[in-house]
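In what follows, a structure is listed as C-alpha cells, so that the remarks can point back to it.
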Amino acid sequence: MATTTTEDRTLALDPEGVRATLEPLERASMLPPAAFAEPSVLRWELDNLFAGWVCVGHVAAVSEPGSYVMREIGETSVFVLAGDDGVPRAFLNVCRHRGSRLVQETEGTVRRRIQCPYHAWSYGLDGSLAGAPHMDGVENFDRDCMGLLEVRSAVVGGLVLIDLSGEAEDPAEYVGELVEMLDLYRVDSLRPAKGVVYEVEANWKSIPENYNECLHCPGVHPELNRLSDYRSGESVEGPGWWCGGSMTLNEGAETMGRHVRDGAGHRPPIAGLSPHELGSVYYVALFPNALLSLHPDYVMLHTLWPRAVDHTEVTCEWFFEPRTMEQADFDPSDAIDFWDQVNREDWRVCELAQKGVRTPGYVAGRYSTHEGDVHAFDTMVARRYMEALRDAEPAELAA
C-alpha cells in the first residue's frame, strides 16, 4: 500500500550564520548561501514571510467594479476584486464546489459575476454565492455560507496588500512612516502607463539586495550613473517594515530617463514636491516583495513573485499623474525604455550571483560600509529566520 509523508517545513539554516547577519554593519556577514540555494528555505519563506502582508500591486488595477488582479504565492492563488461599492476585496482563487480555479489571467475585468469555468457556479462582486446549478434539494446547503473564501486585505498609500495568515499586525503599522512618502508622491492617485513582466533566474532576495545599493552602478549601469552619482544621497529610516534611501540627480537631469539631457522626457513634476525632492530619486523596499522608486515626475513599482529557489517573476509598472497623461504630447517611453534596460542589466548580475552562491565551498561575504540599506533588508529577513530557529531549538540556541 502506498504511503504519504508530511513534507518537512522547518527552516534548514545554520543559526550562527543567521546571527552573523544580525551583527552591526561593520561586523556583519551576508545571509547564509543556503538562504539563496536551498529549496526548503524558499518553502519556509512562502509559508511564513509571504503569509503576512504582501503587496499585490497598485490600487489603480482594482479601481473599477469588476476589475481584478490575480497573484500566485507558492501553491496559493489569490485575486483581489473591486466590488460595486468601490471596495477591493481579496479571495482565494477557488470555487466552493470542487475547488476549481476561477480566474486564470493576472489582470482582467468581469461584468457582474465571477463564474467558475467547471460547473458554472457564480459569485457576486462581493464574493457572495450568486448561482449554484443543480444544488436544489441538497440537504443543509446554506447559500449564505458558500461564498468565496475571503483573504484579509488593505489599501495603504495606494498599495493593495493581502495577509494570507489573517494574523499580521495592523497594516498601517506594517507600512509605518513609509505611508508619508507614498502620500507625498500622491501614489494613490497615480495611473499606470505600462507594465512589464520579467523572468529572472535568481532568488527573490537577491533582487532587493541589488536594488538597495548602487556600488555596482558605474560598471553595470553607465547610463544611470551619468544621471546620478552612485555615492550620492542618504538612507531613510522610520518605523515599519521597509528600508531605502535616496540618490541625487546630477545637474541638468530632471528625472531618470533616456536622453533627458537632450530635453526628451520633460514632464511636469508630481504636485507638491519640494526642491530637494525634485532633485532626488527615492528607492524604497517594502518587505517582503515591493520595490518603489519615487521620481520627481513618476513612480515605478516592482513586485516580486518567487517561482523557485532560483527563479523570480518580477512585475514592473510605471505610474504618472493623470493630468500629465492627459497631455497631447505625453510620452513615457524615455522612462520605460531607460528602466527596461537598467532592469535587464540588474537581472544579469543577479543571475550571475545566483550561479556563484550555489558553488560548493562558498561562504557568506561581508558588507561594505556603503551597503547599509542591503544590510537593513537582510536584517528583516534574518530576524524572521531567528524567530523560527529559536522556536525550533530553544534550549540549544539559548545556551
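Some notes on this structure:
- The GNM of the chain, with springs linking C-alpha atoms under 10 angstrom apart, assigns the highest mean-square fluctuation among Pro268, Pro171, Pro32 to Pro268.
- Over the Cα atoms of region 158-254, the radius of gyration divided by the Kirkwood radius equals 1.00; this is the Rg/Rh ratio.
- In the chain, the calculated helix contribution to ellipticity at 222 nm averages -7500 deg cm²/dmol per residue, counting -39,500 (n - 2.57) for every DSSP H run with n ≥ 4.
- Filtered GluC sites (Glu not before Pro), region 76-169: DSSP coil and at most 16 other beta carbons within 10 Å: Glu105, Glu139, Glu167, Glu169
- In loop segments of region 8-57 as defined by DSSP, the GluC sites (Glu not before Pro) with at most 16 further C-beta atoms inside 10 Å of their C-beta are Glu26.
- Alpha carbon convex hull of region 53-167, volume per residue in cubic angstrom: 106
- Neighbour-count ranking [beta-carbon atoms within 10 angstrom, fewest first] of Met300, Met380: Met380, Met300
- Sequentially through region 282-299, phi angles give Karplus couplings (6.51, -1.76, 1.60; θ = phi - 60°) of 9, 10, 10, 10, 9, 5, x, 10, 10, 10, 10, 10, 9, 9, x, 10, 7, 10 Hz, Gly and Pro residues having no value and appearing as x.
- Dipole magnitude (debye, nearest 20) for region 53-167, charges at Cβ of Lys, Arg, Asp, Glu: 240
- Among Val349, Val18, Val80: highest mean-square fluctuation, GNM of the chain, C-alpha pairs under 10 Å: Val349
- The GluC sites (Glu not before Pro) of region 274-342 meeting both criteria, a DSSP state outside H, G, I, E and B (loop) and at most 16 other C-beta atoms within 10 angstrom of the site's C-beta, are Glu326.
- Taking the square roots of 5 times each eigenvalue of the Cα gyration tensor of the chain, largest first, gives ellipsoid semi-axes of 36, 31, 18 Å.
- Footprinting exposure proxy for Trp305, Trp53, Trp121 (fewest neighbouring C-beta atoms within 10 Å first): Trp305, Trp121, Trp53
- Each of the trypsin sites (Lys or Arg not before Pro) that DSSP puts in a loop and that has at most 11 other Cβ atoms within 10 Å breaks the chain; the longest unbroken stretch is 112-399.
- Kirkwood-Stokes translational diffusion coefficient of region 172-378, alpha-carbon pairs, 10 °C, 1.306 mPa s, µm²/s: 90
Read the figures in this text as sums done on the coordinates, not as results from a lab. Computed from a predicted model, the values in this text were never measured in an experiment. Ideal geometry is used to build each Cβ from the backbone, glycine not excepted, and the neighbour counts take in all protein chains shown.
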